[in-house]
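The values are calculated or read from the model by the stated rules, or taken from the named source; none is laboratory data. Quick caveat, the model's predicted, so the values are computed rather than measured. Because the Cβ atoms are built from the backbone with ideal geometry, glycine has one as well, and the counts that use them run over all protein chains shown.
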Protein chains: 2
Amino acid sequence: MSNLLDDLAPRADGEIFTEVLARNGVRIERIVSTGQSTPAEKPFRQAHDEWVLLLAGSAGLRIEGEGERDLRPGDHVLIAANRAHWVTRTAKDEPTIWLAVHFT
Amino acid sequence: MSNLLDDLAPRADGEIFTEVLARNGVRIERIVSTGQSTPAEKPFRQAHDEWVLLLAGSAGLRIEGEGERDLRPGDHVLIAANRAHWVTRTAKDEPTIWLAVHFT
């Protein structure tokens, strides 16, 4: 995957996670969303800090204790370890592409 | 700096480096270029691996032993530690915005 904005798979039922690079306690991942959102009763929650940057599309992100915000390309958010969070929406008419940096 | 594609300073003489996040041996940085290139006799060379992703604009990147390539948004490159490299050009008509992840 030489370009993170290309090489998109056909529209999938779920979000698609692709590892870009991993080393020294860091993992960089691309996530492609195509209209999905996180079920209210099944939040994401990871054991390490995670930094996300929206590269394309649009999304809503709710973080436990921090409320909800709309994200557009260039917006970035640090999601603390063990903090429940939900992608409340992603664009339905275009792919939403995230860069995630995991501090593992 | 809540959005990496906004909050651009007025055109500067040099490239502008802004730290976005630092922790656990990782430093994330935004670099804004406005037409600059690296002098042939003064290559960049860092003591750690660095991963770069072009977010906006366009650039040429030459890496010692790997030749030169054109970069457009979404393109990403791992620059190994101690490897000389040169930004051979950046767009003159728009800002070129890089995300750099340093594995320090």
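Between a first residue in region B:75-104 that is among the acidic types (Asp, Glu) and a second residue that is surrounded by fewer than 15 Cβ atoms within 10 Å (Cβ to Cβ) and assigned to a loop (DSSP other than H, G, I, E, B), which pairs have beta carbons less than 7 Å apart while being 6 or more apart in sequence or on different chains?
Every condition considered, the pairs that remain are B:Asp75/A:Ser2.
When you scan region B:2-35, how many residues do you find that are within 26 Å of A:Leu21 (Cβ to Cβ), among the hydroxyl-bearing types (Ser, Thr, Tyr) and either away from chain A (no Cβ under 14 Å) or in a loop (DSSP other than H, G, I, E, B) (or both)?
So the count comes out to 2.
Scanning region B:3-17 for residues that are more than 11 Å from the chain's Cα centre (by Cα) and closer than 26 Å to A:Ala100 by Cβ, which turns out surrounded by the most Cβ atoms within 10 Å (Cβ to Cβ)?
Looking at the filtered set, the residue picked out is B:Leu4.
Please go through region B:80-100 and pick out each residue that is within 14 Å of chain A (Cβ to nearest Cβ) and over 10 Å from the mean Cα position of the chain (by Cα).
Hits for region B:80-100 are B:Ala80, B:Ala81, B:Pro95.
List the pairs whose first member sits in region B:4-26 and is closer than 21 Å to A:Leu55 by Cα, whose second member is basic (Lys, Arg), and whose Cβ atoms are under 7 Å apart, counting only residues at least 6 apart or on separate chains?
If the second residue must be basic (Lys, Arg), the pairs left are B:Leu4/B:Arg30; B:Thr18/B:Arg30; B:Glu19/B:Arg27; B:Val20/B:Arg30.
For region A:36-70, which residues satisfy the criterion of being part of a strand (DSSP E or B), surrounded by fewer than 18 Cβ atoms within 10 Å (Cβ to Cβ) and under 11 Å from the mean Cα position of the chain (by Cα)?
A:Phe44, A:Gly60
Per-residue answers, yes or no, for (1) small (Gly, Ala, Ser); (2) modelled with pLDDT of 95 or more:
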| site | (1), (2) |
| --- | --- |
| A:Arg23 | no, no |
| A:Arg27 | no, yes |
| A:Glu50 | no, yes |
| A:Gly57 | yes, yes |
| A:Gly65 | yes, no |
| A:Asp75 | no, yes |
| A:Ile79 | no, yes |
| A:Leu99 | no, yes |
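Just one of the numbered conditions (1) within 14 Å of another protein chain (Cβ to nearest Cβ); (2) assigned to a loop (DSSP other than H, G, I, E, B); (3) more than 27 Å from B:Trp51 (Cα to Cα) is not true of A:Pro73; which one?
It fails just one condition, (3).
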